[in-house]
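The values are calculated or read from the model by the stated rules, or taken from the named source; none is laboratory data. Not measured: the values here are computed from a predicted model. Cβ placement follows ideal geometry from the backbone for every residue including glycine, while neighbour counts extend to all protein chains displayed.
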Amino acid sequence: MTENKGSSQPKKNGNNGGKSNSKKNRNVKRTIIKIIGFMIIAFFVVLLLGILLFAYYAWKAPAFTEAKLQDPIPAKIYDKNGELVKTLDNGQRHEHVNLKDVPKSMKDAVLATEDNRFYEHGALDYKRLFGAIGKNLTGGFGSEGASTLTQQVVKDAFLSQHKSIGRKAQEAYLSYRLEQEYSKDDIFQVYLNKITILMA
């Protein structure tokens, strides 16, 4: 009798392929979890560094004094092209005005042009800020600003006109300080006493 050689060969285990795929899936999941974990850690590290950097610039910010807010400043007259026409100095410094004495039409015009949500937001207008970021990305840096009246008061009273991350951080910090210590009407009054005169 002839033996059936085929019957003596071991049968292939059909589960090997399934085990291999399962192992690959576990490896992929582990890799994804590691990447997500790394991204979360990186996010918190960057956030912490940002907070520390902001705290440093806030600590180095100029002293917050009422005297600087009330400093008399020379009135400047500009033409419609933004060119300086005349500086009313040498004893011709304009006097401080009270908000209640400013015509409503002028107040409405300033708010509509500079910060139409002034009485609705805090020191910073985040809605306008994110909108400006989007327009600057599409239209180029500087195509639109997002400074509130409070920020403009702080910039004119305490900071230089030099643009930098440090100066913007100090501007934000001092703006929060200003809004904590002064009412919206007080800040608006200071702003109106510091703006320049535009000629049509």
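Of note:
- The residues listed here are Lys100, Lys127, Lys107; of these, the one that is of a type in the set (D, E, K, R), modelled with pLDDT of 75 or more, touching a Lys or Arg at 6+ places or on another chain (Cβ under 8 Å) and not in a strand (DSSP E or B) is Lys127.
- Tyr173 farther than 19 Å from Ile195 by Cβ, within 14 Å of the chain's Cα centre (by Cα), surrounded by 19 or more Cβ atoms within 10 Å (Cβ to Cβ) and modelled with pLDDT of 85 or more: yes
- Pair list, Cβ < 7 Å and 6+ apart or interchain, from region 47-63 residues that are in a helix (DSSP H, G or I) to residues that are surrounded by 12 or more Cβ atoms within 10 Å (Cβ to Cβ): Phe54/Ala169; Tyr57/Gly166; Tyr57/Ala169; Tyr57/Gln170; Ala58/Ala169; Ala58/Gln170; Ala58/Tyr173
- Flag if Ile77 is at pLDDT below 85, assigned to a strand (DSSP E or B) and more than 20 Å from Glu179 (Cβ to Cβ): yes
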